[in-house]
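FYI, it's all coordinate maths here, none of it is from the lab. What you are looking at is a predicted structure, and each value in this text was computed from that prediction instead of being measured. Here the Cβ is made from the backbone with ideal geometry for all residues, glycine too, and neighbour counts use every protein chain on show.
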Ligand SMILES: *Cc1c(COP(=O)(O)O)cnc(C)c1O
């Protein structure tokens, strides 16, 4: 195969010419179908990286391929100063599927941009400056979103970041109560912390945060960039706990694997003045068509329900592994983590050698975000391979 002939050359070029910010596995992925991906040398893998949560529909889903192919022949880009049919329909559909209270949306191209817009809208709406985030939170890497991100390795090289941001322990309401005051524009959190180690939030805590925000005039901002679009067993993780965010950030799987983000806007935000924000590629017809196909497929193939069922099986399977290096297995739907008592890197590498790709979350957690279309047989294979890696190397 041609791809194979060029494999070493491509790896050399990417090593030489890429900025250098990424740690890479010695694998070159060139093709995907459903929950399977292939290296240029033909090696097949079960994909539990799932584009870090951007591939809920799996690779090359026929409905997304068809929608993108058809739209590509009509129009890629229609500036936001004009109307467009695909954009109009997507906006209507996003508001239809979003938690009750969401009325409008701002479209962009990534998770970090969805967070940036939420922070700006929160300041505009409240005329307040202070923001509150949580320890272990991940909200993105641009300067505003980075200011809400906890990991000091990501933050420190770029300080000073935006001022007046407080971090409180995730799950501790009393600590939050001490920092939210009449100058707080918003509180941002994830329903399940992803990058920070797959930490599912407690329903009572999340509802109490929402109530405190309402009471003290701060906006309740929920980052569903990773948990959205079926991942946790509901279309949005907010639905598990009857959460109604004032601002909700989504991205990753919104467009079946194509780049898109959105900031969903609730009634408490009020009117957003013209010219206060904007985006060139946001809401382009090509990704809007992909997102429409994604939403319809999530519904017609009942993928949130599938994530709930297969996620329960994955968690049960991992929990039954008898290994002294496992500290805890936790997750919600098909967002599953195994916390080890040691660094996860060598175990993830060993797992890749067994044909299963997964990703880290923090230093010690193995994270599994398979496409929601993954087969039951592949779930069993994943459990089998993880068992073998965590017991042989025990
Ligand atoms: C991935 C992620 C982001 C950032 O998304 P990008 O598209 O990489 O900018 C923000 N918040 C959460 C919860 C994420 O998982």
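Worth pointing out:
- Fraction in percent of alpha-carbon pairs per bin - 5 Å, segment 221-266: 6, 26, 32, 24, 10, 2
- Principal semi-axes of the equivalent ellipsoid, √(5λ) from the alpha carbon gyration tensor of segment 182-221, are 21, 12, 5 Å from largest down.
- Area projected by the alpha carbon convex hull of segment 157-217, averaged over all directions, nm²: 4.9 nm²
- Exposure proxy ranking for 368, 281, based on other Cβ atoms within 10 angstrom of each Cβ and starting from the fewest, stands as 281, 368.
- Computed over segment 112-160, Cα set: Rg, Dmax in Å: 10.8, 32
- Cα centroid separation - segment 196-246 against segment 1-70, whole Å: 32 Å
- Based on alpha-carbon atoms, the Kirkwood radius and the radius of gyration of segment 91-194 give Rg/Rh equal to 0.97.
- Rg/Rh for segment 228-301 stands at 1.00; both radii use Cα atoms, and Rh follows the Kirkwood definition.
- Comparing mean-square fluctuations of 226, 16, 343 from a GNM of the chain with C-alpha springs under 10 Å, the top value falls on 16.
- Rg and Dmax of segment 118-259, based on Cα coordinates, read 14.2, 41 Å.
- Mean silhouette area of the chain, derived from the convex hull of its C-alpha atoms and averaged over all directions, reads 19.6 nm².
- Listed from fewest to most Cβ neighbours within 10 Å, the set 129, 225, 21 follows the order 21, 129, 225.
- Antiparallel DSSP beta bridges within the chain, percent to nearest 5: 65 percent
- Direction-averaged projected area, Cα convex hull, segment 216-370: 12.4 nm², rounded to one decimal.
- Over segment 175-305, equivalent-ellipsoid semi-axes from the Cα gyration tensor in Å: 27, 20, 12
- Here's the picture: a label point sits 7 Å out from the Cα of residue 183 along the beta-carbon direction, and within segment 202-234 nothing has its amide nitrogen under 12 Å of it.
- Spread over its residues, the convex hull of the C-alpha atoms of segment 191-251 is 77 Å³ per residue.
- Stokes-Einstein diffusion coefficient of segment 33-133, Kirkwood radius over Cα pairs, 10 °C, 1.306 mPa s, in µm²/s: 92 µm²/s
- Efficiency of FRET between residue 167 and residue 328 - r from beta-carbon atoms, R0 25 angstrom, step 0.05: 0.65
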